[in-house]
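J.: Have a look at this one before I ask anything.
The values are calculated or read from the model by the stated rules, or taken from the named source; none is laboratory data. Everything quoted here is computed from the prediction, not taken from an experiment. Neighbour counts are summed over all protein chains in view; Cβ atoms, including those assigned to glycine, are modelled from backbone coordinates with ideal geometry.
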Amino acid sequence: MDPEVLRSYVPLYKEAFILTLETGWLGIAIAFAIGIVTAFIMHFRIPVLAKIASVYVELFRNTPLLVQLFFIYFALPKIGISIPARECGAIGLGLLGGSYMAEGIRSGLDAVGTLQEESALALGMSKRQMFMYVIFPEALSISVPGIVANVIFLLKETSVFSAISLMDLMFTAKDLIGLYYDTTEALVLLVVFYIIMLLPVSLLGSIVEKKARYRTLGV
Amino acid sequence: MDVILEVKNISKSYEDITVFENLSLTVKKGEVVVIVGPSGCGKSTFLRCINALESIQDGEILLDGEAIDASSKELPRIREKIGMVFQSYDLFPHLTILQNLMLAPVKVKKTPKAEAEKEALSLLDRVGLLSKKDNFPRQLSGGQKQRVAIVRALMMHPEILLLDEITAALDPEMVREVLDVVLSLAKEGRTMVIVTHEMQFARAVADRMVFIDGGKIVEEGSAQEFFDDPKTERLRQFLNSFSYD
């Protein structure tokens, strides 16, 4: 391995790292928003919307992100909707992640007993107050492990962004290998940057998980 | 005495099972009514109907002359006046004891935080749990949790308290600490409707006893008549099942 080569590659990786992280987190934010709304619809079995929600979840959970991205990036422009690559990546990730988040949060909502709802209602809370102050916070702390796993999974899924020519980490590595054949250096940096991106999430995740678990379950 | 609660000929059924039919009950201000009866007689369901956690098929329920209707937009406002404590002390697990007590007054009644906190602390002190204010519910024993649940209901300044078998899930030695709180509430003139299996306690706390069996009020009367001189054979049988003489 040539340290000189490594050094010369680092700025390129840095740029790709920032792009990957920004697009990734934007996608995760979208996923979280979609997940909460979808979980809410499924938990309360809102007529019509609940059917649409479950079709959405099954559709996006059971197709690869790559296929979804191809659809958004290559097929939508054919019907006049063209979205820039970065936004495509974030939207694709958001839609895929939303279906996973929805299931995770819904199981949390389902796990909060009806007695909790009744206790809140008996205190004179409206349904909205009951949901905001009692059911949702409890459900969220039950769902934390699933949400953390999803976040890590989604950040890794960003590696398929390269397929729609987004200059992410994966794209940069493939590009450099194609240009200079310094395969080892390019791949080592790829691994290092993914770890820099994911390790803090993983560590932070387990702290949050422990805290949430301790609060609700005491173990 | 003024009438607070009027339950008129209510009926409750699930599809083809009738829980009770034509039940009526009037509760006056300051009165403690204790409802007893065999398991499955509909007494808990009856209590749950009063604050519309269960819907009724027939009849009407009036609190201060205002109808309690499960479909009414006004329901939360009416429920504020009805405190309820459940068998399984459902405190909110993600909040500390103090937060559990302050949540509803602050969010629903818009009580200033400082005021709600002051009241919460003084009530906690009264039930001997001031030192637990920053603990989470799971760190408390069953009896302690149930005392907090009573305080949580009191924080809303209800006009009437409904207690649904609040000691049924407790270890025997914890029953006392909870019932002592209820007795002290009765002494200060709180209006309560209590469903319980603790006959000694019922006798001590009740102004009026009601015996429900098979979805009907079989007998009612003052605590003394009720226990010492039951009129119906069914009540006699029921009371006998508690004695080992």
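J.: All but one of (1) under 30 Å from B:Asn100 (Cα atoms); (2) buried (at least 17 other Cβ atoms within 10 Å of the Cβ) hold for B:Glu188; state the number of the condition that does not hold.
T.: B:Glu188 satisfies all of (1) under 30 Å from B:Asn100 (Cα atoms); (2) buried (at least 17 other Cβ atoms within 10 Å of the Cβ) except (2).
J.: Looking at the structure I just gave you, is A:Ile81 away from every other protein chain (no Cβ under 14 Å), in contact with a helix residue (DSSP H, G or I) (Cβ under 9 Å, 6 or more places away or on another chain), in contact (Cβ under 8 Å) with a residue 24 or more places away in the chain and of a type in the set (A, V, I, L, M)? Explain how you work it out, then say what you get.
T.: On the way: away from every other protein chain (no Cβ under 14 Å): yes; in contact with a helix residue (DSSP H, G or I) (Cβ under 9 Å, 6 or more places away or on another chain): yes; in contact (Cβ under 8 Å) with a residue 24 or more places away in the chain: no; of a type in the set (A, V, I, L, M): yes.
Here the answer is no, as A:Ile81 does not meet what is asked.
J.: Related question: Can you tell me which of B:Ile4, B:Ile82, B:Ile35 is within 30 Å of B:Asp134 (Cβ to Cβ), surrounded by 14 or more Cβ atoms within 10 Å (Cβ to Cβ) and modelled with pLDDT of 90 or more?
T.: That would be B:Ile82, the only listed residue that is within 30 Å of B:Asp134 (Cβ to Cβ), surrounded by 14 or more Cβ atoms within 10 Å (Cβ to Cβ) and modelled with pLDDT of 90 or more.
J.: Say we look at region A:153-174 and pick out the residues that are hydroxyl-bearing (Ser, Thr, Tyr) and at negative phi; which of these is nearest to the other protein chains (Cβ to nearest Cβ)?
T.: A:Thr158
J.: Out of the helices (runs of 4 or more DSSP H) lying entirely within region B:56-148, which hold 2 or more residues that are within 10 Å of chain A (Cβ to nearest Cβ)?
T.: B:75-79, B:97-107
J.: Does A:Ser126 fit the bill of being within 9 Å of chain B (Cβ to nearest Cβ) and modelled with pLDDT under 90?
T.: no
J.: Just one of (1) closer than 27 Å to B:Gln144 by Cα; (2) among the β-branched types (Val, Ile, Thr); (3) at pLDDT below 90 trips up B:Val19, so point out which.
T.: (1)
J.: Being within 9 Å of chain A (Cβ to nearest Cβ) and part of a loop (DSSP other than H, G, I, E, B) is the filter; apply it to region B:38-55 and report the residue that is surrounded by the most Cβ atoms within 10 Å (Cβ to Cβ).
T.: Going residue by residue through region B:38-55, those that are within 9 Å of chain A (Cβ to nearest Cβ) are B:48, B:51-53.
Pick out the ones that are also part of a loop (DSSP other than H, G, I, E, B) and you get B:51-53.
On the way: B:Asn51: 25, B:Ala52: 20, B:Leu53: 21.
Ranking the qualifying residues of region B:38-55, first place goes to B:Asn51.
J.: Determine which single condition A:Tyr13 fails, assuming it passes every other condition in (1) under 25 Å from A:Glu138 (Cα atoms); (2) surrounded by 14 or more Cβ atoms within 10 Å (Cβ to Cβ); (3) out of contact with any His (no Cβ under 9 Å at 6 or more places or on another chain).
T.: (1)
J.: Would you check if there is a residue in region A:138-152 being within 14 Å of chain B (Cβ to nearest Cβ), farther than 29 Å from A:Leu203 by Cβ and surrounded by 14 or more Cβ atoms within 10 Å (Cβ to Cβ)?
T.: Of all residues in region A:138-152, those within 14 Å of chain B (Cβ to nearest Cβ) come to A:138-144.
The next check asks that each one be farther than 29 Å from A:Leu203 by Cβ; those that pass are none.
No, there is no match, as no residue in region A:138-152 is within 14 Å of chain B (Cβ to nearest Cβ), farther than 29 Å from A:Leu203 by Cβ and surrounded by 14 or more Cβ atoms within 10 Å (Cβ to Cβ).
J.: Just give me the residues in region B:37-56 being hydrophobic (A, V, I, L, M, F, W, C) and either under 22 Å from A:Ala122 (Cα atoms) or touching a Leu at 6+ places or on another chain (Cβ under 9 Å) (or both), in sequence order.
T.: Result: B:Phe46, B:Leu47, B:Cys49, B:Ile50, B:Ala52, B:Leu53, B:Ile56.
J.: Tell me yes or no: at least one residue of region B:111-118 is without any contact (Cβ under 8 Å) to a residue 12 or more places away in the chain, hydrophobic (A, V, I, L, M, F, W, C) and farther than 20 Å from A:Leu115 by Cβ.
T.: Yes, the conditions are met somewhere in region B:111-118.
J.: Can you name the residue in region A:98-123 that is surrounded by fewer than 17 Cβ atoms within 10 Å (Cβ to Cβ) and more than 8 Å from chain B (Cβ to nearest Cβ) and, of all such residues, is farthest from the chain's Cα centre (by Cα)? Let's see the steps before the verdict.
T.: Quick first cut of region A:98-123, residues surrounded by fewer than 17 Cβ atoms within 10 Å (Cβ to Cβ) only: A:107, A:110-111, A:113-115.
Imposing the further condition that a residue be more than 8 Å from chain B (Cβ to nearest Cβ) reduces the set to A:107, A:110-111, A:114.
Working: A:Ser107: 17, A:Asp110: 22, A:Ala111: 22, A:Thr114: 30 Å.
For region A:98-123, the residue satisfying everything is A:Thr114.
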